[in-house]
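Here is the structure we will look at, set down as structure tokens.
Every number in this text was worked out from the coordinates using simple rules, so none of it is lab data. Given the structure is predicted, the values throughout are model-derived calculations rather than measurements. Every residue, glycine as well, gets a Cβ built from its backbone with ideal geometry; the counts of neighbours run over all protein chains shown.
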Amino acid sequence: MISFQEYLRYLVTLTAVLDPFLAIPIFISVTAARDHASRNRLIQVVTLTVFLVLAGGALFGESLLKALGASLQAFQVGGGLVLLLMALAMLNAKVGEMRQTRAEAEELEAGELSGVVPLAVPLLAGPGAISTTIIAAQAGGLAHALALVACIALVCLMLWSVLRLAHVVGTRMGTTGLNIATRLLGLILAAIAIETMAEGLKRLFPGLA
């Protein structure tokens, strides 16, 4: 049986990984020339895309790992390292190349990318969120995976609400406020990343326990 604390941990981790506060400035810049209806449609598509990508990771992640011949322990260490790199960028209030490379940022500024591509994937549902979901899904069977999907739906609902209020939140919090929120989430994510790596290393090398 999976405890409520584990699901709560996954909710907190996924919220920190997605970090909607980091996406607000990018969302505002992408939708600056769009009308209200167009922005709402983009929010719906972005949120749905994030949900489908992460739900797919929860339901089919174990099968993918088996097909690749990768062990959960090794994936925990690799996934934890990805989360740690993302956390370090967040602590500096930066997007980080793990979410968006410099070339991708330049394409976005030039208008060569749609809002869905940089926002939904890889900025939100990127390697960090996918690896977090796959690692969490290994703890149980179908019922556990469906419970994770429910958690993903809750986080996506929060994401939808933040993006709907992006212009208001961006104006009220300002750059400093958004950066502070991102740094706090980065600190939480760094702790979770190190714990994930430690668990993987202890399973790979029992002598470390």
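From the square roots a ≥ b ≥ c of the eigenvalues of the alpha-carbon gyration tensor of segment 139-186, which class results: rounded (a/c under 1.5), prolate (a/b over b/c), or oblate?
oblate
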**Request:** Step through the residues of segment 69-82 one at a time and calculate ³J(HN,Hα) from phi using the Karplus curve (6.51 cos²θ - 1.76 cosθ + 1.60, θ = phi - 60°), rounding each to whole Hz and writing x for Gly and Pro.
**Result:** x, 8, 7, 4, 4, 5, 5, 5, 5, x, x, x, 5, 4
**Fill in**
For segment 4-208, averaging the sequence separation of alpha carbon pairs under 8 Å that lie six or more residues apart and dividing by its residue count, the contact order in percent is 46
**Fill in**
Ordering 31-40, 190-199, 86-95 by per-residue average of other C-beta atoms within 10 angstrom, highest first, gives 86-95, 190-199, 31-40
**Request:** As a check on your grasp of the helix formula, calculate [θ] at 222 nm for the chain: sum -39500 (n - 2.57) over DSSP H runs of n ≥ 4, divide by the residue count, round to the nearest 500.
**Result:** -26500 deg cm²/dmol
**Request:** Provide the descending list of Cα extents for segment 4-208 along its principal axes, expressed in whole angstroms.
**Result:** 56, 33, 33
**Request:** Please give the net charge around Gly186, taking every other residue with its beta carbon less than 13 angstrom from that of Gly186, where Lys and Arg add +1 and Asp and Glu add -1.
**Result:** +2
**Prompt:** If you place +1 on the Cβ of every Lys and Arg and -1 on the Cβ of every Asp and Glu, how big does the dipole about the Cα centre of the chain come out, in debye to the nearest 20?
**Reply:** 340
